[in-house]
Amino acid sequence: MKLCIVGTGYVGLVSGTCFAEGGNDVACVDIDERKIADLRNGKIPIYEPGLEELIRRNVGDGRLRFTTDLAAAVKDSLVCFIAVGTPQDEDGSADLSMVLKATADIAKLMPGYRIIVLKSTVPVGTADKVREAMASQTTHPFDVVSNPEFLKEGE
């Protein structure tokens with residue numbers, strides 16, 4: 001299956017790599033050109049036991065790639081995972097601006113039906129906001145799925 005992972009932080013990078021290891025064709029997308037260049041050159045920005053080897057193997061086998069080209073990744077993928085940051089606002093609530101920006105960008109770029117998976121840490125009710133944001137930007141059909149991540153780093 002062809003997947004795109006929007007965001008190459010801890011959740012996006014580990015998830016994308018594991019999906020590739022499972023035999024999927026994965027495009028990990030980020031707006032940070034330097035981070036993508038580093039990943040392409042084998043520089044891994046986080047530590048997770050075995051991650052570097054998995055990335056190397058899956059890049060070598062052509063199942064995992066790193067890009068800033070969201071349009072191509074969305075066009076080529078049935079499933080689009082959103083794994084961007086949700087930092088705390090001053091009041092302690094999750095800042096969903098990056099999630100909603102990624103949502104709108106995907107909606108504008110998708111050429112047909114897509115499954116949008118929320119992997120970012122978000123509060124209850126975010127899927128409804130994503131659904132509304134998608135519907136305001138596209139006439140193509142889509143489904144929104146919540147698949148929150150509960151990774152414990154480095155173990």
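Per-structure values
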item: Candidates SER120, SER136 - the one that is of a type in the set (S, T, N, Q) and surrounded by 15 or more Cβ atoms within 10 Å (Cβ to Cβ); result: SER120
item: Residue match in the stretch 39-48 (condition: within 20 Å of ASP105 (Cβ to Cβ), of a type in the set (Val, Ile, Thr) and touching a helix residue (DSSP H, G or I) at 6+ places or on another chain (Cβ under 7 Å)); result: no
item: Count of the stretch 82-95 residues which are touching a residue at least 12 places away in the same chain (Cβ under 8 Å), touching a helix residue (DSSP H, G or I) at 6+ places or on another chain (Cβ under 9 Å) and either assigned to a loop (DSSP other than H, G, I, E, B) or under 18 Å from VAL144 (Cα atoms) (or both); result: 5
item: So GLY62, is it in a loop (DSSP other than H, G, I, E, B), exposed (fewer than 13 other Cβ atoms within 10 Å of the Cβ) and not aromatic (Phe, Trp, Tyr); result: yes
item: Flag for ILE31 being closer than 24 Å to PRO87 by Cα, out of contact with any Phe, Trp or Tyr (no Cβ under 9 Å at 6 or more places or on another chain) and open to solvent by 30 Å² or more (accessible area, probe 1.4 Å); result: yes
item: Members of the stretch 83-95 found to be modelled with pLDDT under 95 and either of a type outside the set (Val, Ile, Thr) or open to solvent by 40 Å² or more (accessible area, probe 1.4 Å) (or both), listed by number; result: GLY85, PRO87, GLN88, ASP89, GLU90, ASP91, GLY92, SER93, ALA94, ASP95
item: Conditions (1) under 26 Å from HIS140 (Cβ atoms); (2) surrounded by 15 or more Cβ atoms within 10 Å (Cβ to Cβ); (3) in contact (Cβ under 8 Å) with a residue 60 or more places away in the chain; (4) of a type in the set (A, V, I, L, M, F, W, C); number of the one not met by PHE19; result: (3)
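Per-residue answers, yes or no, for (1) touching a Ser or Thr at 6+ places or on another chain (Cβ under 9 Å); (2) part of a loop (DSSP other than H, G, I, E, B); (3) surrounded by 13 or more Cβ atoms within 10 Å (Cβ to Cβ); (4) touching a residue at least 24 places away in the same chain (Cβ under 8 Å):
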{"residue": "GLU52", "(1), (2), (3), (4)": "no, no, yes, no"}
{"residue": "ALA72", "(1), (2), (3), (4)": "no, no, yes, yes"}
{"residue": "CYS80", "(1), (2), (3), (4)": "no, no, yes, yes"}
{"residue": "LYS101", "(1), (2), (3), (4)": "no, no, yes, no"}
{"residue": "ASP105", "(1), (2), (3), (4)": "no, no, yes, yes"}
{"residue": "ALA127", "(1), (2), (3), (4)": "yes, no, yes, no"}
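The values are calculated or read from the model by the stated rules, or taken from the named source; none is laboratory data. Computed from a predicted model, the values in this text were never measured in an experiment. All Cβ positions, glycine included, derive from the backbone under ideal geometry; neighbour counts span all protein chains shown. Please note that ligands, DNA and RNA were not included when accessible areas were found on the heavy atoms of the full protein model with its side chains. Shrake-Rupley method; radii C 1.70, N 1.55, O 1.52, S 1.80 Å.
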